[in-house]
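Worksheet for the structure shown next.
The values are calculated or read from the model by the stated rules, or taken from the named source; none is laboratory data. Computed from a predicted model, the values in this text were never measured in an experiment. A quick note on method: Cβ atoms are made from the backbone with ideal geometry, for glycine too, and the neighbour counts reach across all protein chains shown. Quick note on the areas: whole protein, heavy atoms, side chains included, nothing else; ligands and nucleic acids left out. Shrake-Rupley method; radii C 1.70, N 1.55, O 1.52, S 1.80 Å.
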Amino acid sequence: MASKAIEARGLTKDYKGVVALDDLDLAVDEGEIFGFLGPNGAGKTTTIRLLMGFIAPTKGTATVFGLDARRDYVKAHSKMAYVPAEASLWPSLTGAETLALLGKVHGSFDPEYMKVLVDRFDLDPERRIRAYSKGNRQKVVLISGLMTRAPLLVLDEPTGGLDPLMEQAFRESIAEAKERGQTIFLSSHILSEVEALCSRVALLREGRLIEDGSLSEIRSLGSIFVDIAIEGAVPELAGVPGLSALQTEPSPSSPDVTNIHCKVKGPMEPLLSVLSGSNVVRLLSREPSLEEMFITIYESDQKR
Amino acid sequence: MILKRNLRNGAIWGVGFAIYVASNGLTYKSLYKTKASRTALAVTFGNNRTMNALFGPSPGMDTVAGFTYFKASMTILVIAGIWGLLSSTKYLRGEEDAGRWDLMLAGHSTPLRQTVKVIGSVLAGIIPIVLFMTIGTVVGTDASLLLAFWFALTAGLMMAMFVSIGALVSQLGSTRRQATLIASAILVVAYLLRTVAESGIGLSWLDWLSPFGWMDYVNPMVSPNPVWFTPAIGLTLLGIAAVIAIAGNRDAGAGLLRSHDRHNQRRVFISDPRTLALRLSVISFLSWALGVVVYSLIVGSIAKSASKSLPIDSISKILDKTSGSSSVTAPSPGNAAASSSHEVLMSFYALGLVASSIFIAVAAAGFLTSIRQEESEGRLHQALSGRISRTGWLASRALSALAMIAMLGFLAAVSLWAGANATGVRLGFGPMVSAGLVDVAPAAIAIGFGLMLFGFVPRIASTATYSLVAVWILIEALEGIGGWGHWMADLSAFHQLAAAPYQPINVVPAIAMFGIALVAGVAGVASFSKRDLVGD
């Protein structure tokens, strides 16, 4: 069994009656890239601030490599690097000075790798922070986290303000970190980013964890998108178990053909058995994207 | 919103100015009751070139109104100038730096309209200042409403001029810091021009080039000459016209002057956030140090001439009110004249040290504010994401602040000592340095109190620390008026200081104050290590 980089048990944070995080149970294995998803205000940053020991839990505990995130935060910090969502830095320092400072704040960093990252992210390190754009300031904190080669990278919406080219540079850097066996805790609401990088995700809503698992597990919770083309008579599909969002329309290219679009949750067998007596000319199915999953899960959670 | 904030801010400053002017007038009336004593004082100051160079001409010094104007006007005019330039650079260039200016321009406003609106709002804040200062002047000096209004208007127009100058340099500078530095330099040059003009070396025409000089010519409390308001109004309007010409024709966020946004890496003091704090405090510390050194040198060097023929009872009364200890015993009749003159001189130095102590306490509140800003602006999260403990971070910041105030106390004492020595007055170096260090005890309390609040209620730490120092200063000012119970004066930390070298150094209250500061500071650091990090 893999040892845990992060473990939270019943983690709760209450701000004067407003529950920002409610009874969170979470475990992230060493070497894993873990996606932490949720809309604005879901409690992602609160969770990260608790993991960093910046705030104290109202209830519950969080550990980082077995160290209490609140009590032993100095020891824990030596094993982790933090990239905040908003880069609040010292305006009068240059990018290079800031990187040197943040490297020393962490205690150790790889100067050669820092140079690689500065080139990769196309950062001009001679300029003062106050002259940087938001994206360039974000590059500084991103480089400062990655260059430490810390066993755990805690990234709070790290690519906010980065352009698509830099997003590629970020993904390349995360792939390198994974190769080196680093654990990555990636909070984001950019679903394509999480889908491309993470092996496991957790979904948070209004401070509560609503799903946690591998991408395939999460996908199994959702529906499969099915497109069918039938020539001739169309069987009755409305009562097929697990089928939803049924839409039918005549094919624009052939008047005898009917196009059917639907979603199927659970086994495909009931649908296939109903279709077996029909002249199916095309049947396409695809798994939902994480974005579609996200919306489905959130909608169903909202109904609950 | 800016208008509302400026009106409120103006009302607070107006009340402060009113109390300051009133206390000066009332103190004069209580100290110089007879015609003879007032005449003696007027002769002393009227013939003293150094005092005139520093504080301005002294017509009508034998009247309450004349003395009050002489005593209070320069301080008020300097503060008024600082208020004006800081207000306009804050709300113009500061808003551009923070990125909020773009949001304003994204609405129906244009750069020109928005700029004029902000300048108008800041200028509106001057109205309550003039109003309250007029009332304070009438109450404290028995001057007519019109004379009091002319006096208040000198402050109001000084503010307006520097609002206009601040607005102009906000168009030129590309950062708030750059704009503030340029405007501050203009204020300093204006003051120096007037000082040189009044120093009696044949350059009195320089007065015409300085806003301070124009206000001297107005002479509002003795023989008012409001025509001299014209250049002030002209400069204000000229500055605003220049702003209007520039504001609509430049890019938002950019200034006409180039900023130095690029330089090679300087490795000094970036080994961790604690040493970085020292690096970032250098300019602030050096500014305070320069102010304290210049002020103390001036006091040290003019004391001998300024104290000549000042009656001992006048100055010792002020000291007795300022400090908690009673004055020295009366000299024997045989040595009365020499001893009295020596006492006046020593008390002049003592007043200089007490004034430095007040500056240093204000500086201490500023150092505490910079600690809080690291947290409120989000940089502390970054600084504490590594191997530095919270306790270590805050304790080192507190020690740096204490070291800086100790250095300021030392510099004040040494500069005073040097100024005195330059005029042939031999003061003991050791006792003066001891007195300087003891006099930073109120600043230490301000830091300790601020740290305690930072640990328990961080959001109010900065404002409350400044407020504490302001209350102490207010108590000192009100104490001059008299009629307050001793318990009230005891609430001021400045009141606990012995007026060395006029009185012997009393280390007991100083040790008690340092002890209180230590306990409060330790409690604050302990609480900070347990509490959540919080933003604004």
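Pairs linking a residue in region A:63-79 that is of a type in the set (D, E, K, R) to a residue that is open to solvent by 50 Å² or more (accessible area, probe 1.4 Å), with Cβ atoms under 6 Å and 6 or more positions apart or on different chains, are A:LYS79/A:PRO151. A count restricted to region A:148-175 and to residues that are under 13 Å from the mean Cα position of the chain (by Cα) and among the acidic types (Asp, Glu) stands at 2.
Look at B:SER109 and say whether it is at negative phi, open to solvent by 50 Å² or more (accessible area, probe 1.4 Å), at pLDDT below 95 and out of contact with any Ser or Thr (no Cβ under 9 Å at 6 or more places or on another chain). So B:SER109 does not fit the description; no. Looking at B:LEU437, B:LEU491, B:LEU453, just one residue is without any contact (Cβ under 8 Å) to a residue 40 or more places away in the chain and either acidic (Asp, Glu) or farther than 30 Å from B:GLY300 by Cβ (or both), and that residue is B:LEU491. Mind checking whether some residue in region B:208-221 is open to solvent by 40 Å² or more (accessible area, probe 1.4 Å) and touching a residue at least 40 places away in the same chain (Cβ under 8 Å)? No: region B:208-221 contains no residue that is open to solvent by 40 Å² or more (accessible area, probe 1.4 Å) and touching a residue at least 40 places away in the same chain (Cβ under 8 Å).
Pairs linking a residue in region A:278-289 that is under 26 Å from A:LEU221 (Cα atoms) and without any contact (Cβ under 8 Å) to a residue 60 or more places away in the chain to a residue that is of a type outside the set (Lys, Arg) and surrounded by 12 or more Cβ atoms within 10 Å (Cβ to Cβ), with Cβ atoms under 6 Å and 6 or more positions apart or on different chains, are A:ARG282/A:ALA229; A:LEU283/A:ILE228; A:LEU284/A:ASP227. Comparison of B:GLY450, B:GLY455 shows that the only residue that is farther than 27 Å from B:PHE17 by Cβ and either open to solvent by 20 Å² or more (accessible area, probe 1.4 Å) or among the small types (Gly, Ala, Ser) (or both) is B:GLY455.
Before we move on, is A:THR183 of a type in the set (S, T, N, Q) and under 25 Å from B:THR275 (Cα atoms)? Judged against the criteria, A:THR183 is not a match. Exactly one residue out of B:ILE473, B:ILE505, B:ILE445 is buried (at least 16 other Cβ atoms within 10 Å of the Cβ) and closer than 19 Å to B:MET404 by Cα: that is B:ILE445. Taking helices (runs of 4 or more DSSP H) as the structural unit, those lying wholly within region B:1-72 and holding at least 1 residues that are within 18 Å of the chain's Cα centre (by Cα) and over 22 Å from B:VAL196 (Cβ atoms) correspond to B:2-31. Against the test of being of a type outside the set (Val, Ile, Thr), in a strand (DSSP E or B) and in contact with an Asp or Glu (Cβ under 7 Å, 6 or more places away or on another chain), the options A:LEU246, A:LEU203 yield a single qualifying residue, A:LEU203. When each of B:THR391, B:THR369 is tested for being surrounded by fewer than 20 Cβ atoms within 10 Å (Cβ to Cβ) and within 14 Å of chain A (Cβ to nearest Cβ), the lone residue that passes is B:THR391. Being more than 24 Å from the chain's Cα centre (by Cα) and at pLDDT 95 or above holds for only one residue in B:ALA517, B:ALA523, and it is B:ALA523.
Can we say B:LEU491 is open to solvent by less than 60 Å² (accessible area, probe 1.4 Å) and either under 23 Å from the mean Cα position of the chain (by Cα) or charged (D, E, K, R) (or both)? For B:LEU491, the condition - open to solvent by less than 60 Å² (accessible area, probe 1.4 Å) and either under 23 Å from the mean Cα position of the chain (by Cα) or charged (D, E, K, R) (or both) - is not met.
Sub-6 Å Cβ pairs linking a first residue in region A:265-277 that is closer than 13 Å to A:LEU237 by Cβ to a second residue that is open to solvent by 60 Å² or more (accessible area, probe 1.4 Å), at least 6 apart or interchain, are A:PRO270/A:PRO241, ordered by first then second residue. Consider region A:1-43 and keep the residues that are in contact with a Leu (Cβ under 8 Å, 6 or more places away or on another chain) and open to solvent by 20 Å² or more (accessible area, probe 1.4 Å). The one that is nearest to A:ASP68 (Cα to Cα) is A:GLU7.
Here is the figure for region B:49-68: residues that are open to solvent by 10 Å² or more (accessible area, probe 1.4 Å) and under 23 Å from B:MET159 (Cβ atoms) total 4.
Considering only residues that are under 20 Å from the mean Cα position of the chain (by Cα) and surrounded by fewer than 21 Cβ atoms within 10 Å (Cβ to Cβ), which ones fall in region B:160-179? Hit for region B:160-179 is B:ARG177, nothing else.
Somewhere in region B:402-417, is a residue more than 14 Å from chain A (Cβ to nearest Cβ), within 30 Å of A:LEU153 (Cα to Cα), touching a residue at least 60 places away in the same chain (Cβ under 8 Å) and part of a helix (DSSP H, G or I)? No, because not a single residue in region B:402-417 is more than 14 Å from chain A (Cβ to nearest Cβ), within 30 Å of A:LEU153 (Cα to Cα), touching a residue at least 60 places away in the same chain (Cβ under 8 Å) and part of a helix (DSSP H, G or I).
From the list A:THR46, A:THR61, which residue is surrounded by fewer than 16 Cβ atoms within 10 Å (Cβ to Cβ) and more than 10 Å from chain B (Cβ to nearest Cβ)? Give the derivation first.
Details: A:THR46 fails: surrounded by fewer than 16 Cβ atoms within 10 Å (Cβ to Cβ).
Step by step, each of A:THR46, A:THR61 is checked, and only A:THR61 is surrounded by fewer than 16 Cβ atoms within 10 Å (Cβ to Cβ) and more than 10 Å from chain B (Cβ to nearest Cβ).
Scanning region A:49-58 for residues that are more than 23 Å from the chain's Cα centre (by Cα) and within 7 Å of chain B (Cβ to nearest Cβ) yields one hit, A:ALA56. Please find, among B:GLU343, B:GLU374, the residue that is open to solvent by 10 Å² or more (accessible area, probe 1.4 Å), at pLDDT 90 or above and of a type in the set (Asp, Glu). None of the others qualify; the one that does is B:GLU374. Residues in region B:422-431: is at least one open to solvent by less than 30 Å² (accessible area, probe 1.4 Å) and under 23 Å from the mean Cα position of the chain (by Cα)? Checked region B:422-431: no residue is open to solvent by less than 30 Å² (accessible area, probe 1.4 Å) and under 23 Å from the mean Cα position of the chain (by Cα).
Within region B:263-294, the set of residues being surrounded by fewer than 16 Cβ atoms within 10 Å (Cβ to Cβ) and among the acidic types (Asp, Glu) is empty.
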